[in-house]
1. Can you work out the accessible area per residue across the chain, with the rest of the protein chains kept in place, probe 1.4 Å, in square angstrom?
2. Within the accessible area of the chain, what % is carbon and sulfur when the probe is 1.4 Å and the other protein chains stay in place?
3. Among the GluC sites (Glu not before Pro) in the range 1-56, which ones are in a DSSP loop with at most 13 other Cβ atoms within 10 Å of the Cβ? Mind listing them?
4. Pick from 267, 360, 153: which residue has the top mean-square fluctuation in a GNM of the chain where Cα pairs under 10 Å get a spring?
5. Kyte-Doolittle cut-off -0.5, length cut-off 24 Å along the helix's own axis using Cα: show which whole DSSP H helices in the chain pass.
6. Identify the residues of the range 42-64 with backbone N under 17 Å of a label point that sits 7 angstrom from the Cα of residue 386 along the Cα-to-Cβ direction, or state none.
7. For Cα extents along the principal axes in Å, pick the label among [x] 56, 52, 46; [y] 65, 39, 39; [z] 66, 52, 37 that corresponds to the value derived from the coordinates.
8. Provide the FRET efficiency to the nearest 0.05 for the residue 375-residue 114 pair, computing r from the beta carbons and using R0 = 41 Å.
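The values are calculated or read from the model by the stated rules, or taken from the named source; none is laboratory data. Being a predicted model, the structure only gives us computed values, none of them experimental. Ideal geometry is used to build each Cβ from the backbone, glycine not excepted, and the neighbour counts take in all protein chains shown. Just the protein is used for accessible areas: all its heavy atoms, side chains included, with ligands, DNA and RNA removed. Shrake-Rupley method; radii C 1.70, N 1.55, O 1.52, S 1.80 Å.
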Amino acid sequence: MRTTVGIIGGGPAGLLLARLLHRAGVDCVVLESRDRAYVERRQRAGILEQGTVDVLRECGAAERLDREGLPHQGIELRFEGRSHRVDFPAATGGKAVTVYAQTEIVKDLVRLQLAAPGGPPLLFEAEALAIEKADSGAPVVRFRHEGREQTLSCDFVAGCDGFHGIARRAVPAGVVRTFERTYPYSWLGVLADVPPSCEELIYARHQRGFALHSMRSPQVSRLYLQVPNGTDPADWSDERIWGELSTRFALDTGGWRLERGPITAKSVTPMRSFVQEPMRHGRLFLAGDAAHIVPPTGAKGLNLAVGDVVTLARALAHHHTTGSTELLDGYSATCLARVWQAERFSFFMTDTLHRRPEQSPFEDRLQIAQLDRIATSRTASAELAENYVGLPLS
């Protein structure tokens, strides 16, 4: 096979890149190692920044998002039995976020790509095996599809295959710098068939640990509890989960109640930060989790991937029309500037709202002082709001 851009990974990053390139007249092929059913049911992020929503609208992929997505104009912080709301539009000139599951974005993009006349090929169960000659003008991707090994010759390769994919590992160790932080706690996440007990997300800092009340739809709640690393979800009964959530969300004034319902899924997510630099090697470009990981507290993972592929699509389209490599040459630096701001914000949210094992009373008071600052200072509240709704994509 031959194409201009070989895209490894059929998640939201790879699919959105294919959509943007197709609309810009740049041909591409998407290789996804899993089958379509698996890809369309992977549970991931659910908070879309304003810029992400705008991009999906501009490329014609937001019809269902606009119909079913839940716009949120703020978040609620709970600490010391108190509540404070951060108003996004007031602090950001009208920007907001939207709750719409990554699973649904993938469904929308798959449907569009398969339905588009002359659209870019999307190959499921096509496992990328190796990226060869990435530092030449003619890279090749070897992959296995329908029981036989094949090759995809291309001008550029986009590695959108996540942290465990082959693209990240295809960059020679001698030219890579990695930065990593692991956290001494995890999240126990549950899906529950019960309408959310709140209109906007609740971030709770409690002496027993962090808790988050989110949602996937008006009928499905998504909730998280801070738990020790190595926690087995089977050790947490439904009753124990609901009881702990109620304790961590409780307000001294009362008047708020956590609604309970059937829990349909449980999982534990370790927390870590990771960045690999640079995000380019020759004609191989890394995007999304292939280049960086953030703890989910700041809701930045999916949105960072969107920023990467928007930047890459612009650079590839510019090269296609002008022959210039200027934007491609600046891809890594452009993306990393935004990535590190997201890493900083995600660390801030995580470190402020979680209690570390053996945390001292002094550190407790510092966290509470930081949250009090947000609750009483327009400047501090605006800083949180501007980062949460998303920094500019370019």
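1. Counting only protein heavy atoms, the per-residue value for the chain is 43 Å².
2. On the way: 8270 of 16850 Å².
Ligands and nucleic acids excluded, carbon and sulfur reach 49 percent.
3. Details: sites: 32, 40, 49; in loops: 32, 40, 49.
Answer in residue order: no site qualifies.
4. 360
5. Details: long enough: 301-322 (32 Å, 0.50); 331-353 (33 Å, 0.20).
Answer set is 301-322, 331-353.
6. Residues 50-51 qualify, since their backbone N sits under 17 Å from the label point.
7. Matching entry in [x] 56, 52, 46; [y] 65, 39, 39; [z] 66, 52, 37: [y].
8. On the way: r = 48 Å, r/R0 = 1.17.
Here the calculated transfer efficiency is 0.30.
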